[in-house]
């Protein structure tokens with residue numbers, strides 16, 4: 001990966017490190033990677049001192065490798081969109097995003113590494129956010145650390161919407177759940193609403209409902225772990241199939257949660273992008289059976 005900057009009159013006499021820190025697309029982590037594992041050229045000459053003084057007209061070139069140590073796996077992927085900088089994948093159930101150990105080769109990241117390997121593309125693999133193992137739907141993967149930073153520097157860089165099936169009729173038909181979330185004492189996997197937790201806000205709208213369940217369209221205003229699952233369990237409407245948070249298991253065998261829509265501006269061109277993924281077959285079948293005649 002390589003980026004080039006021209007030093008303008010406004011930056012005459014500025015130190016290299018301050019010049020780079022002023023580039024909003026360049027995170028401190030990426031700057032460290034360049035310093036330790038990449039190259040910095042000023043007017044074609046390699047420099048190793050971050051305090052080097054820059055002058056108007058200088059050309060600064062930063063280069064680094066996006067190589068990673070992820071083991072490539074031959075895992076089928078449902079690719080919704082791809083260009084030189086971004087990959088959008090529709091993740092199925094039963095798959096985690098990142099390897100949790102060196103022996104794990106069945107994650108989304110492993111699958112993407114295998115996909116890149118098969119087409120001989122030397123690209124980075126930087127998922128911009130995570131989905132739980134059994135949550136399906138769209139995942140945005142940046143092909144460079146710079147792209148990941150640009151897409152994740154604030155929560156509202158990416159607008160995501162989910163579809164969920166929750167137990168019982170959710171009332172009111174639309175609203176915002178604003179309750180803080182923290183770890184459940186004594187558990188390493190479970191979270192809960194607690195006064196000393198972190199701020200969390202979930203907007204929702206009921207699309208269809210009956211005595212058994214509600215179909216919800218959801219937007220997260222924050223990104224806490226298990227946020228949707230925790231908030232609706234707290235309301236007394238856990239997601240169907242969510243055994244961790246008390247959801248009924250007769251209709252779904254996994255939590256009925258699908259990341260169906262994502263919108264963002266391209267990290268390089270700034271072009272507005274929007275993608276949708278239809279409900280997976282298990283959620284689609286249950287939705288049809290519960291709300292016959294309903295169409296999204």
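The values are calculated or read from the model by the stated rules, or taken from the named source; none is laboratory data. Remember, it's a predicted structure, so these values are computed and weren't measured experimentally. Please note: Cβ atoms are built from the backbone with ideal geometry, for glycine as well, and neighbour counts cover all protein chains shown.
Quick notes on this structure:
- Flag if residue 218 is under 29 Å from residue 154 (Cβ atoms), outside any strand (DSSP E or B) and not assigned by TED's automatic domain parsing to the domain that holds residue 145: no
- Residue count for segment 84-104 under the criterion of being over 22 Å from residue 152 (Cβ atoms) and at pLDDT below 80: the result is 4.
- Any chance residue 233 is crowded, with 17+ Cβ neighbours inside 10 Å and either assigned by TED's automatic domain parsing to the domain that holds residue 87 or in a strand (DSSP E or B) (or both): no
- Among the residues of segment 267-288, those identified as over 17 Å from residue 257 (Cα atoms) and either surrounded by fewer than 14 Cβ atoms within 10 Å (Cβ to Cβ) or not assigned by TED's automatic domain parsing to the domain that holds residue 162 (or both) are 269, 270, 271, 272, 274.
- Residue within segment 81-97 that is surrounded by fewer than 19 Cβ atoms within 10 Å (Cβ to Cβ), on the phi > 0 side of the Ramachandran plot and either touching a strand residue (DSSP E or B) at 6+ places or on another chain (Cβ under 8 Å) or touching a residue at least 24 places away in the same chain (Cβ under 8 Å) (or both) present: yes
- Residue in segment 71-83 that is over 30 Å from residue 253 (Cβ atoms) and either modelled with pLDDT of 90 or more or outside the structural domain of residue 113 (by TED's automatic domain parsing) (or both) present: yes
- In segment 149-187, the residues that are part of a helix (DSSP H, G or I) and in contact with a helix residue (DSSP H, G or I) (Cβ under 9 Å, 6 or more places away or on another chain): 149, 150, 151, 157
- Residues of segment 254-295 that turn out to be part of a loop (DSSP other than H, G, I, E, B) and under 24 Å from the mean Cα position of the chain (by Cα), as a count: 13
- Checking every residue in segment 116-123 against the condition of being more than 14 Å from the chain's Cα centre (by Cα), in the same structural domain as residue 275 (by TED's automatic domain parsing) and either surrounded by 21 or more Cβ atoms within 10 Å (Cβ to Cβ) or assigned to a strand (DSSP E or B) (or both) gives zero matches.
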